[in-house]
Structure formats: C-alpha cells, structure tokens
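The values are calculated or read from the model by the stated rules, or taken from the named source; none is laboratory data. As the structure is a prediction and not an experimental result, all values here were calculated from the model. In this analysis, Cβ positions are derived from the backbone assuming ideal geometry, glycine residues included, and neighbour counts consider all displayed protein chains.
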Amino acid sequence: MESIKEIYKIGYGPSSSHTMGPKKAAGQFLTKNKKAERFEVVLYGSLAATGKGHLTDLAIKDTFKNHKIKVIWKPKIFLPKHPNALKFMAFGNNNKITDEWTAYSVGGGSIIDDFTKSETANVYPHKNMEEILTWSNLNGKQFWEYVAEYEGEGIWEFLAEAWKVMQASIKNGLNGQGVLPGGLKLPRKAQSFFLKGQNFATPFKRRSQLFAYALAISEENAGGGKIVAAPTCGASGVLPAVLKYFRKVYKTDENSVLRALATAGLIGNIVKTNASISGAEVGCQGEIGTACAMASAAATQMMGGTIYQIEYSAEMGLEHHLGLTCDPVAGLVQIPCIERNAFAAERAVSHNTFALMSDGRHRISFDEVVETMYKTGIDMQSKYRETSEGGLANFDGLPR
Ligand code: SF4
C-alpha cells in the first residue's frame, strides 16, 4: 500500500477526482511541454458528464492560463481503465501533435496513466486488514503504531498539518454566509445549525454541533474553498467533524486526534488499495462509505477501543453504506453530498458506540465488506456513478 499521505490531499474543492486530479495532471503535462504552441484536452466519461458542475474545465484552464487551451467533452466515451479519463495533446507551430498523454483521475486527487497502477511507491508490506490485524496482534501494537512503524516519525508532522487545515476549514465554513455557487441557489446552513444548537439541551446541542462541523467543511468544499480530501473532496466533511466533535465533547487531546487520523488514513488506504474511493468507479459508497468507515474507526480508537472493535466499527461504516449511488443534482457537489456528510458523521459516532458495546467479534470482516463494496460498485449502471444521468439527478433541485 502507498503512504496514507495519498489519502489526505490538501487542496481546493469541489472534487478530488474532477478538480484536484485533473489540475495536477494538467500541471504535469504542461511542465513537460512548456514550449508547445497550443494544447487540447479531451475529457471522457464521468469527467465530461459532470465536469461542468465539478469545475473540471476551470481547474484545467487555470493551469494553462498563459497558453492556448481547448477543452473537448466526450461524456459518452468511457476508456477501459477508469471512468475518469482525460487525454492531453500538445501541438507545435506546424499544428502537429508533439506530445500526448492519457491520464486517469482515480479518486482522492490521485493520477495514474496507462503504464502505472498507483501514483507513488508502496510503503506498507501488507495489503489488507487481515494482514495488518495479524501484525498488530503479533507485535502487541495499535493501528496508529503500525502506521508510524512504516511511515516513519515524519508522519506526525504531516498529520498535524492536515488537522490544522481541517480545523481552519471548519472555522471558515461556520463563518460562511450566502448561497453556494453553481445555480442551485443552495444557501449555506452550517452557521445557523451551529448557532441554533447552542440553545438546545445537551444531546441535541451535541448533535447539531456535529452536523454543523460536517456541513461547514462540505459547504467550504462546494464553494471551492481549501479542504483536506478524506478520502475525497465530496466526503471531506465526515472525518474532521467527528474528530472535532470528540475533541470538544470528550476533551480528547491533540495527540489522540493525530493517532486517530493515522488509523483513519490506514482504513481509507485499505479501501483504495483493494477497491476504490472513486464515485465514478463505485458510486458514493466508495466516497461517503469510506469516509464513514475512517471516521468510525477514528472514533472507536479515541474512545479506547481494541483493534478488533476498531475494525468492527470501520466495517459497519462501510457496510451500512453499501449500494449508495452517486447522483449529484446538476453535476454539483451539493445535493445530496453536503447533507450526506452530516449523516455519515452521525453514523460514525453511532458505530463507535455499537462497537464499544460489543466484544469486537462479528461475522463479516472489513476485508469482506471492502470486496463487496467494489463488486457492488462495478455492478452499478453508469448512470449511478457520477454521471448525473440518473437517480436524484433526474430532478432540478431548484427552490419551489
Ligand atoms: S454523491 Fe457522493 S460520490 Fe457523488 S459527488 Fe456527491 S459525495 Fe461524491
């Protein structure tokens, strides 16, 4: 498995696969072809189908802002390797192609091409939860210690920076006002949820705070603000909301939060390695479901759960999102995405309670649910995989 740094990419919303990834690919191609006269980029499949709402073209054009660039949309053509494909072409002064490159935005801001399977080298020798549980058991160590063992001590600095950005996103989102961009006229509601919650009795107050934190980040993301993909932009509100909630309600210390981030990153990494975190490939179960699994594991670790209870919590996070489709209204990362983050955060808190009540034994393992999620996603018709051609995307979502 790659480093968990690949799970937590810091960048700007609204979409890790449709904005962050294509922007990164554009930057790489431009660096290689600085002297080209002009460029063309062809967007295929899901990238073309929801690229307008996800601001894919703007992200690419921003990278090529000092060059001639034409964006071509081919939503009906899906390249075999991944539904999020884009082909860059560089032209010389005789209008001949001087270079071309096909890249795939595979989720969470990661890019691969026809010759690569992953973006970076593997740092972990194990590939799934079963192997990691065995290692942890034999060595008497926790998941976060496993992460530190293979990532090195530098991982704590990286996670501290990610947590800092997450907290800033919550703060910015809670201060945000007005309508989100994109035409749905969707008002931000994080601040009003937070303020109204102050007047409630404790259980409702806590729940409204949890909702408000998740909404804050998701609204920041939808508005193109700075966030940490966890594991994607669309699902970036779930984990930070749960971390902030436990920090505030249970006075969890800063080190516990960083260790929870390490374990959550490991969970996301297992899903990314053995299945997918791309809504275009497996639907929203791969984005919100994975984010919920990460947050569930983080919560259970922060509450002192055993590695088996943490594994159970993560398993529930994914299991109870199986089959969840990706059908964003108007191709925007707003409906159902924003509210979905709030409810996944609440579910993560419940999974923690459930796992701690148990002795950690359960019948379907995390690895089995990851495999099931992937197979379910591949079986989904493409209209439910980030093309905005079915489901909720059949409706305009406008105010009535
Ligand atoms: S529905 Fe889920 S997978 Fe699709 S864009 Fe929204 S958050 Fe991402």
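Residues of region 315-350 that are in contact with a His (Cβ under 8 Å, 6 or more places away or on another chain) and away from the ligand (no atom under 16 Å from the Cβ): GLU315, MET316. None of ALA216, ALA229 is out of contact with any Asp or Glu (no Cβ under 7 Å at 6 or more places or on another chain), under 19 Å from GLY317 (Cβ atoms) and not assigned by TED's automatic domain parsing to the domain that holds ILE10 except ALA229.
Could you go through region 124-136 and let me know if any residue there is surrounded by 13 or more Cβ atoms within 10 Å (Cβ to Cβ) and on the phi > 0 side of the Ramachandran plot. Checked region 124-136: no residue is surrounded by 13 or more Cβ atoms within 10 Å (Cβ to Cβ) and on the phi > 0 side of the Ramachandran plot. Only one of the listed residues (GLY289, GLY305, GLY317, GLY268) is among the small types (Gly, Ala, Ser) and surrounded by fewer than 24 Cβ atoms within 10 Å (Cβ to Cβ). That residue is GLY305.
Do you know which residues across region 344-367 are of a type in the set (S, T, N, Q) and either crowded, with 16+ Cβ neighbours inside 10 Å or assigned to a helix (DSSP H, G or I) (or both)? Residues satisfying the conditions are SER350, ASN352, THR353, SER365. Of all residues in region 1-44, those satisfying the criterion of being more than 24 Å from PRO240 (Cβ to Cβ) and in a loop (DSSP other than H, G, I, E, B) are ASN33, LYS34, LYS35, ALA36, GLU37. Just one residue in the set TYR250, TYR245 is surrounded by 24 or more Cβ atoms within 10 Å (Cβ to Cβ), away from the ligand (no atom under 16 Å from the Cβ) and touching a residue at least 40 places away in the same chain (Cβ under 8 Å); that residue is TYR245.
Number of residues in region 84-123 that are buried (at least 22 other Cβ atoms within 10 Å of the Cβ) and without any contact (Cβ under 8 Å) to a residue 60 or more places away in the chain equals 2.
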